[in-house]
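Notes follow once the structure below has been shown.
The values are calculated or read from the model by the stated rules, or taken from the named source; none is laboratory data. Bear in mind the structure is a predicted one, so any value in this text is a computation, not a measurement. Quick note on the areas: whole protein, heavy atoms, side chains included, nothing else; ligands and nucleic acids left out. Shrake-Rupley method; radii C 1.70, N 1.55, O 1.52, S 1.80 Å.
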Amino acid sequence: MKKISYAPLFRLLKKRKIKQKDFWIKAKISGSTRQKLRTDKCITTNILVRICNVLDCELDDIVELIK
C-alpha cells in the first residue's frame, strides 16, 4: 500500500532557503497541521493548495507517494 510523504515540501523549503517558521506563518499553517506534515499524516486539500499558492509550485512539488 502506498503512503503520502511531504518530504518534497521540506526539500523545496531548504532548496529555496526558506525558514520553516517563516513559511508556517506566511502560509497560516497551524501547529497541529505542521505536526501532520512532519509525520506524513493526511491533511486537507485546501491546505495543500494554500501551500502551493504560497510557494508558487505544483502539488507534485510538495508531496509524493511512497511504498
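Details
- Computed from backbone phi, the HN-Hα couplings of the range 51-67 come to 4, 4, 5, 5, 8, 6, 9, 9, 4, 6, 7, 10, 9, 8, 9, 10, 8 Hz, rounded to whole numbers (Karplus: 6.51 cos²θ - 1.76 cosθ + 1.60, θ = phi - 60°; Gly and Pro given as x).
- Convex hull of alpha carbon positions in the chain: directionally averaged projected area 4.2 nm².
- Probe 1.4 Å, protein heavy atoms only - accessible area per residue of the chain in square angstrom: 74
- Percent RCO, i.e. relative contact order, over the chain, from Cα pairs under 8 Å lying at least 6 residues apart: 60
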